[in-house]
Amino acid sequence: MASPHPEAPSGRSGGSALARGINALFALCGYIAGLILAVMAGSVFLSVIMRFTGSQAFEGLDELPRFLFVWLVAFGGAAAMHLNEHTVLDYFVKKLAHRPRALVEAAVHGAMIAVFLYLLKLSFTLVPNAALQTSPGLELRLDYVFMAVPVGAVLILIPLVRRFLEALAEVIWPKHS
């Protein structure tokens with residue numbers, strides 16, 4: 001896991017109303033991800049028990065964890081990005097001096113922003129097309145599943161843009177020499 005960013009949001013009640021609102025939003029994302037994980041585990045456990053006992057499984061029980069996993073990635077990824085607790089390979093970046101490190105971080109965050117903006121753009125085609133399909137077991141319209149792509153992209157872009165601007169500010173006006 002990445003080490004927490006020096007300006008990573010804290011749980012303190014200080015700061016602007018906007019900052020507190022954003023912190024509350026991403027705390028909610030973390031709780032939703034935990035709930036989704038619990039429902040996934042429960043449905044997999046129930047499915048295994050039903051197969052072990054030879055009982056007839058509920059229709060669509062096997063689909064539920066797959067569909068929920070997409071939403072788990074959206075909400076869990078957003079919460080991890082906000083707290084700067086996502087997986088990072090930064091060994092060599094940490095070896096750089098302050099200003100080059102900020103430049104690399106700005107470039108990486110800029111590239112990530114481009115990827116998530118592209119995902120957001122693609123979702124304008126993906127989600128409406130998925131509305132034309134239903135899952136065989138749950139008979140759920142698949143746009144409800146694929147809606148996780150734009151929701152997750154927007155939620156991840158919020159802390160990503162903030163980190164990009166912080167890194168860019170460090171390149172232009174470094175606090176350290």
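Rule-based calculations on the coordinates, nothing more; no lab input. It should be emphasised that the depicted structure is a prediction, and the values quoted were computed from it without experimental measurement. Cβ atoms come from the backbone with ideal geometry, glycine included; neighbour counts cover every protein chain shown.
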Note to self: To make sure I understand the rule: partners must be lysines, Cα under 24 Å from the Cα of Lys175, and not fewer than 8 residues away in the same chain. Which ones qualify?
What the structure shows: Lys94, Lys95
Notebook entry, point to check: List the trypsin sites (Lys or Arg not before Pro) in the stretch 58-144 that DSSP assigns to loop (not H, G, I, E or B) and whose Cβ has at most 15 other Cβ atoms within 10 Å. Which are they?
Noted result: Lys95
Margin query: Using the crude model of +1 on Lys and Arg Cβ and -1 on Asp and Glu Cβ, and no other charge, please compute the dipole size for the chain relative to its Cα centre, in debye to 20.
Written below: 600
Margin query: If I take the Cα coordinates of the chain and project them onto the principal axes, what are the three extents in Å, biggest first?
Written below: 68, 36, 34
Item checked: Relative packing of peptides 108-117, 70-79 - highest average C-beta neighbours within 10 Å first -> 70-79, 108-117
Next item on the list: Among Val115, Ala102, Val88, flag the residue with its Cα farthest along the positive direction of the charge dipole of the chain, charges on Cβ as +1 for Lys/Arg and -1 for Asp/Glu.
Entry: Ala102
Margin query: Out of the GluC sites (Glu not before Pro) in the stretch 59-127, which ones are loop residues according to DSSP with at most 14 other C-beta atoms within 10 Å?
Written below: Glu59
Note to self: Apply the Karplus curve 6.51 cos²θ - 1.76 cosθ + 1.60, θ = phi - 60°, to the phi angles in the stretch 77-83 and return the couplings in whole Hz, x for Gly and Pro.
What the structure shows: x, 5, 5, 5, 5, 5, 8
Notebook entry, point to check: Tally Lys and Arg at +1 and Asp and Glu at -1 over the other residues with C-beta under 15 Å from the C-beta of Phe116: what net charge comes out?
Noted result: +3
